[in-house]
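Below is one structure; the comments refer to it alone.
The values are calculated or read from the model by the stated rules, or taken from the named source; none is laboratory data. What you see is a predicted model, and the numbers here were worked out from it, not measured in a lab. FYI the Cβ positions are ideal-geometry reconstructions off the backbone, even for glycines, and counts take in every protein chain you see.
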């Protein structure tokens with residue numbers, strides 16, 4: 001019988017397959033961002049959004065070359081509900097899998113995943129971290145393709161478009177969620 005995991009259950013699953021502190025922290029960050037954004041867009045399902053955010057890279061540490069493909073198997077083996085599996089793997093749309101984000105929540109995950117990495121990198125360069133960071137600081141580094149080169153600007157822009165937001169709106173919403 002498949003189930004939708006709680007955030008704590010999702011965290012346990014992630015920890016089962018991931019040991020690197022970076023991957024565990026990224027899962028926590030994306031989970032918290034998704035949870036915060038759910039409060040605005042889908043307040044009845046905050047835990048669902050946060051659990052999906054927690055699970056989104058469950059396979060990345062073990063199977064970086066088969067990211068999102070292996071996640072399906074891993075989550076099905078754990079009897080995770082298909083709605084969660086679709087949401088998790090659709091964040092890799094056009095990158096490593098052909099499953100398109102359909103629900104707004106899936107589009108938000110697609111949009112914010114890469115952006116949290118970029119914002120995190122900008123925060124490391126600032127003495128005050130993220131606390132007083134502004135959109136313009138993120139956009140300045142966004143334009144510098146060498147800075148946090150692993151964070152795809154194309155994915156961030158496509159994600160903003162999927163959500164019906166401009167880049168500034170996506171950055172502001174993600175910053176606010178990360179600060180919360």
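Tell me, which residue of region 48-62 that is in contact with a helix residue (DSSP H, G or I) (Cβ under 6 Å, 6 or more places away or on another chain) and either at pLDDT below 95 or part of a helix (DSSP H, G or I) (or both) is surrounded by the fewest Cβ atoms within 10 Å (Cβ to Cβ)?
Checking each candidate, the answer is 50.
Looking only at region 149-168, count how many residues are out of contact with any helix residue (DSSP H, G or I) (no Cβ under 7 Å at 6 or more places or on another chain) and over 15 Å from residue 92 (Cα atoms).
4
Going by what's in this entry, would residue 99 be described as under 30 Å from residue 144 (Cβ atoms) and at pLDDT 95 or above? Let's see the steps before the verdict.
Values: under 30 Å from residue 144 (Cβ atoms): no; at pLDDT 95 or above: yes.
For residue 99, the condition - under 30 Å from residue 144 (Cβ atoms) and at pLDDT 95 or above - is not met.
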